[in-house]
Amino acid sequence: MRVLSGIQPTGRFHWGNYFGAIRQYIDLQHGNEAYYFIANLHALTTVREPALLRQYTHEAAIDLLALGLDPTKATLYVQSDVPEVSELCWLLMTVTPMGLLERCVAYKDKKAKGLAADAGLFAYPVLMAADILGYDSDVVPVGADQVQHIEVCRDLAGSFNHLFGETFVLPKAKVLDDSAKVPGTDGEKMSKSYNNTIELFEPAKAMRKKIMSIKTDSRPMEQPKDPAGDHLFDLYSLFATPQQRDEMAALYRRGGFGYGEVKKALADLADAFLAEPRSRREHWASHPDEVRAILADGASRARKKAGEVLRRAQKNAGVR
Ligand code: TYM
């Protein structure tokens, strides 16, 4: 099975990125042909400072390696290092109905807020389709917010195949049940644009402070509480073993505890979980040349595959 996914370097990764997507990247690198990339061309629709974008891109690679992405198993590369995908994007653009993109959430949201959208944001899902189709990907591990884009990708692949004959493999999204939509500190979806994120690699003290700021209701301590639908409990569950989760659920139902205790337990679990990634991160941060070499090797492997698919598509469409 060929697995592929991308992540934007728009700042530091947060818990939503890890539990919704990166955790799947790490699992799926075993026993599959896996491609993971840093989507700097997509990030260009929001990050407009060149030095910052370069820095975020490098740090994204460091974070992924620190979290357990193994470059001897998976191909790790930067999106813009594979120009074949941008060429493929044009071919797909010619079979993309405007109406399909007008219904896509990122663009629709921006327009609804009265903000000016550029053509890059409008065509964002087409580039994403090229990212995926360019590698004959079977499975795309993502959080729930990306499922609409995978559907667009399937639509475009279907239209192209219909017009020009079998060219692209139709991919499937892979979304985890327990973390399709990780909540942020306010209970909404964790997202940078909602300012409710907890970053994976912020200093331990700052992380603890953010955890202590997670919004909770004002039910008195004595009152029993239902863990279902409680976003603090959901966050705790992400880090907990099944036994720890069951014990915490029992504590909720019994009552007689303060949310502060749950937050402290969550911070302890997060710290323990992050001990190894934090120390791996130190290694990669102090070896930037090794990181660059990994990305260069990944790009050359990725270009080989993307070139093959691009030539197939060009031939079928009559531009080769
Ligand atoms: P991005 O960079 O916004 O997010 C990266 C991954 O993290 C997931 N995610 C979440 N999952 C669960 N709960 C949350 N609160 C949460 N927040 C983020 C996202 O679903 C995503 O899987 N367009 C993509 C990047 C991309 C891509 C691709 C992905 C570009 N080309 C090709 C797959 C295949 C994006 O903006 O993800």
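The values are calculated or read from the model by the stated rules, or taken from the named source; none is laboratory data. Predicted model only: the values in this text are computed from it and were never measured. All Cβ positions, even for glycine, are placed from backbone atoms using ideal geometry, and neighbour counts span all protein chains on display. Quick note on the areas: whole protein, heavy atoms, side chains included, nothing else; ligands and nucleic acids left out. Shrake-Rupley method; radii C 1.70, N 1.55, O 1.52, S 1.80 Å.
The residue among Trp90, Gly184, Asn161 whose Cα reaches farthest toward the positive pole of the charge dipole of the chain, with charges on the beta-carbon of Lys, Arg, Asp and Glu, is Trp90. In the chain, the longest principal axis of the Cα atoms and the axis of helix 259-285 are about 40 degrees apart. Taking a straight Cα-Cα cut-off under 23 Å and skipping sequence neighbours fewer than 8 places away in the same chain, the lysines within cross-link reach of Lys111 are Lys189, Lys192.
A quarter of the convex hull surface defined by the alpha-carbon atoms of region 192-281 gives 6.3 nm² as the mean projection. Using Cα atoms only, what is the angle between the long axis of helix 83-93 and the major principal axis of the chain, expressed in degrees (0 to 90) to the nearest 10? Long axis of 83-93 versus the principal axis of the chain: about 80 degrees.
With both bridge residues required to lie in the chain, what share of the DSSP beta bridges run antiparallel, to the nearest 5%? Write out the running numbers ahead of the final one.
On the way: 2 of 17 bridges.
The antiparallel proportion sits near 10 percent.
Placing +1 on the Cβ of every Lys and Arg and -1 on the Cβ of every Asp and Glu, with no other charges, gives region 192-281 a dipole of roughly 360 debye about its Cα centre. Structure note, pairs Lys110/Lys205; Lys113/Lys181; Lys181/Lys205; Lys172/Lys210; Lys174/Lys264; Lys110/Lys315: Cα-Cα distances above 28 angstrom occur for Lys110/Lys205; Lys172/Lys210; Lys174/Lys264; Lys110/Lys315.
Within the accessible area of the chain, the carbon and sulfur atoms contribute 53%, probe 1.4 Å, all protein chains present.
Dipole size in debye (nearest 20) for the chain around its Cα centre, Lys and Arg Cβ +1, Asp and Glu Cβ -1? Working shown, then result.
Values: 41 positive and 41 negative charges, 87 e Å.
Around 420 debye, computed over the chain.
So if each residue of separation counts as 0.36 nm, and I subtract the Cα-Cα distance between Met1 and Ala144, what length gain in nm does that give?
Numbers: separation 143, 0.36 × 143 = 51.48 nm, distance 2.13 nm.
Gain on stretching Met1 to Ala144: 49.4 nm.
Computed from backbone phi with θ = phi - 60° and the Karplus coefficients 6.51, -1.76 and 1.60, the 3J(HN,Hα) list for region 37-42 is 9, 9, 7, 6, 5, 5 Hz; x is used for glycine and proline.
Taking the dipole about the Cα centre of the chain, with the C-beta of Lys and Arg at +1 and of Asp and Glu at -1, give me whichever of Leu251, Gly143, Ala317 is farthest to the positive side. After comparing all options, I get Ala317.
All other residues with a Cβ under 14 Å from the Cβ of Asp226 taken together, and with Lys, Arg as +1 and Asp, Glu as -1, what is their net charge? Local net charge: +1. Taking the Cα centre of region 109-156 as origin and assigning +1 to Lys and Arg Cβ atoms and -1 to Asp and Glu Cβ atoms, the resulting dipole is close to 300 debye.
Between the Cα long axis of helix 242-254 and the first principal axis of the chain there is an angle of about 50°, rounded to the nearest 10. Each label point was placed 7 Å from the Cα along the Cα-to-Cβ direction; for Gln244 and Ala272 their separation is 0.5 nm.
Ranked by the mean number of other Cβ atoms within 10 Å per residue, highest first, peptides 192-200, 120-128 order as 120-128, 192-200. Projecting the Cα atoms of Gly120, Ala60, Pro9 onto the dipole axis of the chain, where Lys and Arg carry +1 and Asp and Glu carry -1 at the beta carbon, places Gly120 farthest toward the positive end. Note: relative contact order over region 192-281, using C-alpha pairs below 8 Å and six or more positions apart, is 36 percent.
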